[in-house]
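Below is one structure, written out as structure tokens, with a few remarks after it.
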Amino acid sequence: MIKNQDIQAHAIPIQQSRTVLTDLVFPNDTNHHHTIFGGKVMAYVDKIACISAMRHCRKPVVTASSDSFDFLAPIKTGEAINLEAYVVCTHRTSMDVIVKVERENLLTGERQLTAKARLTMLAIGEDGKPTRVPEVIPHTEEEKQQYQEANERYRLRHH
């Protein structure tokens, strides 16, 4: 049994899980509107959330749920897709991961937020069952706010 002080001793700063991915959007990534397929964006989001969660817990993970996924603007052929993910909150075996997606016009440097998502990732032990994850330590004001919001959502969902 892991004691609370042992978990605290192994708490990890949010910054350690921060993961960034950039890719170029080609014609075969897009629909007839010349904008990236929503499913392609979702696959990128799932992949980067997985990497971020694994960086946090250093264990294999699976996606337990997509708590929210909001598309805000399209990304066009020839633009870059930039993704950023980080673990904002943890519970016994799960991690709340935020992913932000933006488009970048590589010729002008203009950037725009195009999607945001929140996923719950579950750590899996060698026995194939959910296993404990380290707590997370928020440092910045934004991280502290996201941490509190994630805990409140968790409390509402589980009570």
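Miscellaneous remarks
- The single residue among Glu102, Glu110, Glu135 that is modelled with pLDDT of 95 or more, out of contact with any helix residue (DSSP H, G or I) (no Cβ under 6 Å at 6 or more places or on another chain) and surrounded by 14 or more Cβ atoms within 10 Å (Cβ to Cβ) turns out to be Glu102.
- Screening Ala85, Ala73 for residues that are under 21 Å from Thr19 (Cβ atoms) and of a type in the set (A, V, I, L, M) leaves exactly one candidate, Ala85.
- Residue count for the range 94-113 under the criterion of being in a strand (DSSP E or B), of a type outside the set (Val, Ile, Thr) and over 20 Å from Arg58 (Cβ atoms): the result is 7.
- Here Ala64 passes the criteria (1) in a helix (DSSP H, G or I); (2) within 21 Å of Glu152 (Cβ to Cβ) except the one numbered (1).
- Scanning the range 113-132 for residues that are among the charged types (D, E, K, R), within 14 Å of Ile98 (Cα to Cα) and surrounded by fewer than 16 Cβ atoms within 10 Å (Cβ to Cβ) yields a total of 0.
- The range 9-45, subset charged (D, E, K, R) and surrounded by fewer than 16 Cβ atoms within 10 Å (Cβ to Cβ), residue nearest to Gly78 (Cα to Cα): Asp23
- Residue in the range 92-113 that is of a type in the set (Asp, Glu) and either on the phi > 0 side of the Ramachandran plot or free of Cβ contacts under 8 Å to residues at least 12 places away in the same chain (or both) present: yes
The values are calculated or read from the model by the stated rules, or taken from the named source; none is laboratory data. Since the model is a prediction, treat every value here as computed from it, not as a measurement. Cβ coordinates were reconstructed from backbone atoms using ideal geometry, including for glycine residues, and neighbour counts include every protein chain displayed.
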